[in-house]
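Here the structure comes first, spelled out in structure tokens, and everything after it is commentary.
The values are calculated or read from the model by the stated rules, or taken from the named source; none is laboratory data. Treat the numbers as computed from the prediction; the structure is a model and nothing was measured. Don't worry about glycine lacking a Cβ; one is built from the backbone with ideal geometry, like all the others, and counts go over all protein chains shown.
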Amino acid sequence: MWLLDLFVYAWLTGAVCLPCIALVYSAGTKWKRLHFLTGSRKRWLLIWGSLGLLEALVIAGLLWATHFPEVVPVPGWAGRAAFSALNTVHAYNVFADFVLGFIFRAIGEIAIGVTFAALVWWIFSVHRKTAERPRARYAIALLASACVLGIANRIVALRPPTCDDCFVPHGVPFTYLYEGGFVSREVFVWSGAVGNTVLIVSIGVIAGWIWNRLSRNHPLKTAKS
């Protein structure tokens, strides 16, 4: 179950982070003072991976400072993954749960940051090549579709629950998760997850096709760009 939580977290987080990373890359290629960000691919990936590690450190530090001398599990998918791993080997204790949850969260944040940074680097690199621009437009349209739907789902997920013991639905336009109750259960709705995935891909493909058709109909504008 925690693996599904990780996929959802990566999608909802990436929906916000990806446009921000793209804006930073665009600024880095246009402003001389920011050229150090995009001058090297390794440096670019290292920066975003380091920011992911810093985020995990800040969350762990806040948890420690807020609850000291008590120790609480790391929230979210990382905490659930740590609990599951420790229970599997019958070695659960609160401190080990906290440490392992932090390690899982740090690895996840680094992987998410590096993956989206690499994706932005690849898209900009491909789009600079005239022959590869049609493929880049499809990639941009698909990612834009995922980001728009991801931001909408992130907003819906942040709304407060209406009761203590009810299951709160998550998902726009299709419900993919019910969460809540006194025992904090999660129930994934596979039909909703598939429906949202198909919708994202369909919108991205249609938007990419329209973009390529419009670009072919205006060759002068394409050449100037």
From the options R159, R137, R105, R133, residue that is buried (at least 16 other Cβ atoms within 10 Å of the Cβ) and closer than 25 Å to A56 by Cα
R105
State whether the residues of the stretch 39-46 include one that is assigned to a helix (DSSP H, G or I), crowded, with 17+ Cβ neighbours inside 10 Å and modelled with pLDDT under 95.
no
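Yes or no: V114 among the β-branched types (V, I, T) and within 22 Å of the chain's Cα centre (by Cα)?
yes
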Pairs under 7 Å by beta carbon, first residue of a type in the set (F, W, Y) in the stretch 105-132, partner assigned to a helix (DSSP H, G or I) and surrounded by fewer than 19 Cβ atoms within 10 Å (Cβ to Cβ), six or more apart or different chains?
W121/R41
Considering only the stretch 157-167, how many residues are over 17 Å from F7 (Cα atoms) and within 22 Å of the chain's Cα centre (by Cα)?
3
Against the condition assigned to a helix (DSSP H, G or I), charged (D, E, K, R) and modelled with pLDDT of 95 or more, how does R105 come out, does it pass?
yes
When the residues of the stretch 144-156 are filtered to those that are buried (at least 16 other Cβ atoms within 10 Å of the Cβ) and aliphatic (A, V, I, L, M), which remaining residue is farthest from P19 (Cα to Cα)?
L149
Please list, ordered by first then second residue, the pairs with beta carbon atoms under 9 Å, 6 or more apart or interchain, first in the stretch 11-28 and among the polar types (S, T, N, Q), second surrounded by fewer than 19 Cβ atoms within 10 Å (Cβ to Cβ) and modelled with pLDDT under 95.
T13/R154; S26/F124
Options R154, R133; residue that is at pLDDT below 95, part of a helix (DSSP H, G or I), within 24 Å of G49 (Cα to Cα) and not β-branched (V, I, T)
R154
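Restricting attention to the stretch 59-76, and to residues there that are more than 18 Å from the chain's Cα centre (by Cα) and part of a helix (DSSP H, G or I), which single residue is farthest from F124 (Cα to Cα)?
Here the residue is H67.
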May I ask you to verify whether V16 is more than 21 Å from the chain's Cα centre (by Cα) and either in the same structural domain as C147 (by TED's automatic domain parsing) or surrounded by fewer than 18 Cβ atoms within 10 Å (Cβ to Cβ) (or both)?
no
